[in-house]
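Below is one structure, written out as structure tokens, with a few remarks after it.
The values are calculated or read from the model by the stated rules, or taken from the named source; none is laboratory data. Since the structure is predicted, the reported quantities are computational estimates derived from the model, not experimental observations. Here the Cβ is made from the backbone with ideal geometry for all residues, glycine too, and neighbour counts use every protein chain on show. Remember, those area values only see protein heavy atoms, side chains included, never the ligands or the DNA or RNA. Shrake-Rupley method; radii C 1.70, N 1.55, O 1.52, S 1.80 Å.
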Amino acid sequence: MAKLMDYDRALELFEPVLGFEVHIELSTKTKMFSDAPNYFGGEPNTNITPVDLGLPGSLPVVNGQAVRYAISLGLALGCSIAPTSRFARKNYFYPDLAKNYQISQSDEPIAFAGSVEVELPNGRLFTVPIERAHMEEDAGKLTHVGGATGRIQGAEYSLVDYNRAGVPLVEIVTDIIYGAEADAPELAKAYVSTIRDIVVGLGISEARMERGNLRCDANISLRRRTPEGEPPAPLGTRTETKNVNSLRSVERAIRYEIQRQAAILDDGGTITQETRHWHEDTGQTSAGRPKSDADDYRYFPEPDLLPVVPSPELIEELRAALPEAPAIRRRRLKTEWNFTDLEFQDLTNSGLVNEVIDTVAAGASPASARKWWTGEIARTANAQGVDATTLVTPLQVAQLVALVDAGTLTDRLARQVLEGVIAGEGTPQQVVDARGLAVVSDDGALIAAIDEALQSQPDVLAKIRDGKVQAAGAVIGAVMKAMKGQADAARVRELVLERATALPE
Amino acid sequence: MTSDLTRLTADALAAKLASKEVSSVEATQAHLDRIAAVEGAVHAFLHVASDSALAEAADIDRRRAAGEQLHPLAGVPIAIKDVIVTKGMPTTSGSKILEGWVPPYDATVMTKLRAAGLVSLGKTNMDEFAMGSSTEHSAYGPTHNPWDLERIPGGSGGGSAAAVAAFEAPFALGSDTGGSIRQPAHVTGTVGLKPTYGGVSRYGAIALASSLDQIGPVSRTVLDSALLHDVIGGHDPRDSTSLTDVWPSFAEAVRNADVAGLRIGVIKELQGDGFQPGVMERFREALALLEGAGAIITEVELPSVEHAIAAYYLIMPAEASSNLAKFDSVRFGLRVNPKGGGTVEDVMSATREQGFGAETKRRIILGTYALSAGYYDAYYGSAQKVRTLVQRDFAAAFANADVLVSPTAPTTAFKLGEKTGDPLSMYLNDIATIPANLAGIPGISVPAGLAAEDGLPVGIQFLAPAREDARLYGVAAALEALLEQKWGHTLLSQAPDLSFSEMNATDEGAV
């Protein structure tokens, strides 16, 4: 177990310097360079062609849709789109790489020099500089068999599934990020979350981190602070943390690395330039392979492919079709929905903005949509340890809200209905029907219950008739109890007052 | 009777097939018989597909009998260079690392041949991964030149050229990265054309150097090459570097051959020093004939050509080092497990150590070095600049000439074993053919006669601007007609009778 320094102390001594590489799997129909289906579940080595296997003689052909997606993403990141970009071969031997080179883009990426505005939980706005976004192909998937850890060390043999080989990727590389300071972990999370929102907004990827559609490699180094007036210390040695498969992990991994590196540096040690493997279960990173800047991939222009030369018309067409940027959209929604800063902050932090948007689009009021998602649904998700979005759909929430608004359900009943929907019992209406949870709106049944309650409490009835309407509470309570809660209390109150005068003395 | 069928050109055989004078089974069997008779001496083939060839021929005969409309070349046999992947036929590219590999898919050119109904006789020998000028780097032993069995048939496509020269096939497919179609044509008295880069799909051609490789035709006559080119050419969506041009009929260009008024530029740098006198004699004679037929002979300069070989021997190995990385035992081909097991890297390493020949390893190391950090700019980067200069030289030369001309290679066929210990002198044999690959322009080698000093075939090379392959067919066909008119026969009719020399060779233990 690595020694960790207290986080606040680490920040006193060092400045965290960040950089991110985010890989996004594009949801095209076919792969980056072949006509195999872009789908890597299922039976291993079935969604493959000679190209994906790197069979002798096979040649790659660029997927035009992947290029359009990459351009859209580049534009959404505020990048310039290269009039001419080129694919290059990145040469290294590894059995998940069918050709023993990856077709990527090196010094001529399709998009470069952009920035992304990120909003931190404390309300701070941060502009993350984007160096480039480039296209490349994914590798196959290795399964190491026979070892205790499932990793290559100690494995007896390994299996390769090339279904994922050739899946189109865009890699977004940030410039070096300075100035995050103590917000570094939150910035990391907010950045990846923003990229996810952009990608989802563009509809170019499923962007599910837990499925590897969106993968983040987090680079971090610490720079020792120098007294004011002295020149800044040189940049520290960085580590690159991989296998960070959730937004929460991104934040935790950065915080962990800051504390780990600070402890080493403060003890007079040095940081090894290496990849670090994030372990979700222990919340720690462990050393991966050494990584030096001198890694020689012998990049050279891919001679099997022509340069990518998108027409200015295509670029403008894609620019015109861009959805609203998440940051701008957030500001607009906050105004439209009339939320307070705190309300909107809560919603943003819950990561359920899109769900509320969709719920509002399905007919619910912004306030009730927010209330349900950040309240009961988020609580249930938290208790079950799952993502709130996996529990219910925005449409179901909107239907639930509609039932409440129509008076069919009270809030208390609605919570029971939600529980049924989450349990898979059907739509809110189906749960209401099956569980018999609807508010009794049949005045006849209510009147009978009210009359009975009034007659059994003549003293209360008398008080009501004397104008002491607050005495009605006791009758209302009795009626609600008789109706097993399935009545609208407001309506009961109206009827109690009405019957008190209507009943014969 | 059937042995005569092997002496026919593809065009003449096609006519007999169309008129049903001869069946495809008869024609195919005649070639298989010829292969059986001479292969012991020539060794042009790595795989002879007798059964599938006869089955394909029978299918064509059946379809013809049923009155189906067939391609004019349907039923004509053809030999395929082993660099081309063929479904159902083993494909090794001359290497042990692919021994026994039967591809699950066809190269685009194979798909086109099958669609046209050509009958595949088998796969021809070549230098391993097309690296060589003599077939001596084949992992399966060299091919022998039908003109003199102790001499090289050229390379890398010596198998295809020798098969055609030895009447084992009327024509064949070759591939040309630095002269592998044209130089074998030169030393075997055959015709070979390297198309414009992008003119023929490379999909399914096992890559040596992707930016230089082109598949092309090998034959005994210019018309046969044109007919074959018409079948295999054209855009292929599976090859991004394939041109989308609509190509003219090359056979038509042969039939309309006329050099009157054609400006022919003699490349100043590709003659003289290092060129054999007999080669130069035939070259000058051919120019005189063309001039007599109305061509205008001028001289052009290609100053950068002197650096072309140096640039080529950086670009080609650089691309090859990457292209050959896939041969790692994981998915196909040879697998060598080191003693006592080992990591996947150990298996890859042992497989490549055992599976690749010396020349292949030499070029992988050269190319890896040329692309390495710190050396890239000096080697690969500089070579690409030279390539640009060569292209500019050609552009300038073509401003003053319609086609350029040079001997195809400096010498006639050298002896087997003569240059295997001296890679540099082997590389220099490609001095006249390499520039066309660097520039992406088409080039053809057509027989010019025999060198007086050794009686061996000499070829003449014509080059045209990119996309002007038809121009080459025109000038080559015109020269072919002028020469045959002068000689009174074809050049290959003068080649030794191999069924006889096979016997001699066997008696003498030379093979």
- request: For the B and A pair, go ahead and give the buried accessible area with a 1.4 Å probe, both sides summed, in Å² to 100.
  value: 2700
- prompt: Hey, what did chain B get for relative contact order, percent, Cα under 8 Å, at least 6 apart?
  reply: 17
- request: Using only Cα atoms, tell me the angle between helix A:184-202 and the longest principal axis of chain A; keep it within 0 to 90° and round to the nearest 10.
  value: 80
Chain A - percent relative contact order, Cα under 8 Å, separation 6 or more: 14
- prompt: How much of the accessible area of the protein assembly as shown, in percent, comes from carbon and sulfur atoms when a 1.4 Å probe is used?
  reply: 52
Amide proton proximity set for A:I130, modelled H, under 5 Å, gap of 5+: A:G114, A:S115, A:V116, A:D175
- prompt: Which value, in debye to the nearest 20, gives the size of the charge dipole of the protein assembly as shown about its Cα centre, when Lys and Arg are +1 and Asp and Glu are -1 at the Cβ?
  reply: 1280
Listed residues B:K194, B:K268 arranged by accessible area, highest first, probe 1.4 Å: B:K268, B:K194
- prompt: What aspartates and glutamates sit close enough to A:K3 to cross-link, taking a C-alpha to C-alpha distance under 16 Å and skipping anything fewer than 8 places away on the same chain?
  reply: A:E257, A:D266, A:D267
statement: Residues whose modelled amide H sits under 5 Å from the amide H of B:F332, counting only those 5 or more places away in sequence or on another chain, are none
field: Most positive-pole-ward Cα, A:I103, A:H134, A:V417, against dipole of chain A from beta carbon charges
entry: A:V417
query: Taking the stretch B:1-36, which trypsin sites (Lys or Arg not before Pro) meet the DSSP loop condition and have no more than 11 other C-beta atoms within 10 Å?
result: B:K20
- prompt: Among residues other than A:N163 whose Cβ falls under 11 Å from its Cβ, what is the net charge (Lys/Arg +1, Asp/Glu -1)?
  reply: -1
message: Using alpha carbons only, how many angstrom separate the centre of the stretch A:247-299 from the centre of the stretch B:148-210?
response: 55
field: Filtered GluC sites (Glu not before Pro), the stretch B:288-354: DSSP coil and at most 15 other beta carbons within 10 Å
entry: B:E301
message: On a 25 Å Cα-Cα criterion, which of the cross-link pairs B:K20/B:K87; A:K90/A:K242; B:K87/B:K339 come out too long?
response: B:K20/B:K87; B:K87/B:K339
field: For chain B: rounded, prolate or oblate by the Cα gyration tensor [a/c cutoff 1.5]
entry: rounded
query: Residue-wise, which Karplus ³J(HN,Hα) couplings in Hz belong to the stretch B:192-209, taking 6.51 cos²θ - 1.76 cosθ + 1.60, θ = phi - 60°, and x for glycine or proline?
result: x, 10, 9, x, 3, 4, x, x, 10, 4, 8, 4, x, 9, 5, 5, 9, 10
- line: Sorted by chain and number, the residues with a modelled amide H under 5 Å from that of B:R467, at a separation of 5 or more or across chains, are B:T196
message: Rounded, prolate or oblate, given the Cα gyration tensor of the protein assembly as shown, with a/c below 1.5 counting as rounded?
response: prolate
message: Under a Cβ-only charge scheme (Lys and Arg +1, Asp and Glu -1), can you give me the dipole magnitude of the stretch B:224-328 about the Cα centre, in debye to the nearest 20?
response: 40
message: Can you tell me which aspartates and glutamates have their Cα less than 16 Å from the Cα of A:K291? Leave out same-chain residues fewer than eight positions away.
response: A:E21, A:D217, A:E240, A:E274
For chain B, size of Cβ-based charge dipole, Lys and Arg +1, Asp and Glu -1, in debye: 1080
- prompt: HN-Hα J couplings of the stretch A:78-86 from phi, Karplus 6.51/-1.76/1.60, θ = phi - 60°, integer Hz, Gly and Pro as x?
  reply: x, 7, 7, 9, 5, x, 9, 10, 9
- prompt: Say the cut-off is 29 Å between C-alpha atoms; which of B:K96/B:K194; B:K123/B:K361; A:K31/B:K123 go over it?
  reply: A:K31/B:K123
query: Roughly how many Å² is the accessible area per residue of the stretch A:370-416, as a whole number, for a 1.4 Å probe?
result: 48
- request: For the stretch B:138-151, take each phi angle, set θ = phi - 60°, evaluate the Karplus expression 6.51 cos²θ - 1.76 cosθ + 1.60, and give the result in whole Hz per residue in order, putting x for glycine and proline.
  value: 5, 6, 10, x, x, 8, 9, 6, x, 6, 6, 5, 8, 10
query: Rounded if a/c is under 1.5, else prolate if a/b is larger than b/c, else oblate: which is the stretch A:171-303, with a ≥ b ≥ c the root eigenvalues of its Cα gyration tensor?
result: prolate
- request: Return the loop-located GluC sites (Glu not before Pro) in the stretch A:188-270 (DSSP other than H, G, I, E, B) with at most 16 other Cβ atoms within 10 Å of their own Cβ; answer none if there are none.
  value: A:E206, A:E228
message: Please enumerate, by chain and number, the lysines with C-alpha under 25 Å from the C-alpha of A:K371, excluding those fewer than 8 residues away in the same chain.
response: A:K189, A:K334
- line: Here FRET efficiency (C-beta to C-beta, B:K385 to A:D107, R₀ 22 Å, nearest 0.05) is 0.85
- prompt: Distance in nm between label sites at B:E150 and A:T272, each 7 Å beyond Cα in the beta-carbon direction?
  reply: 6.4
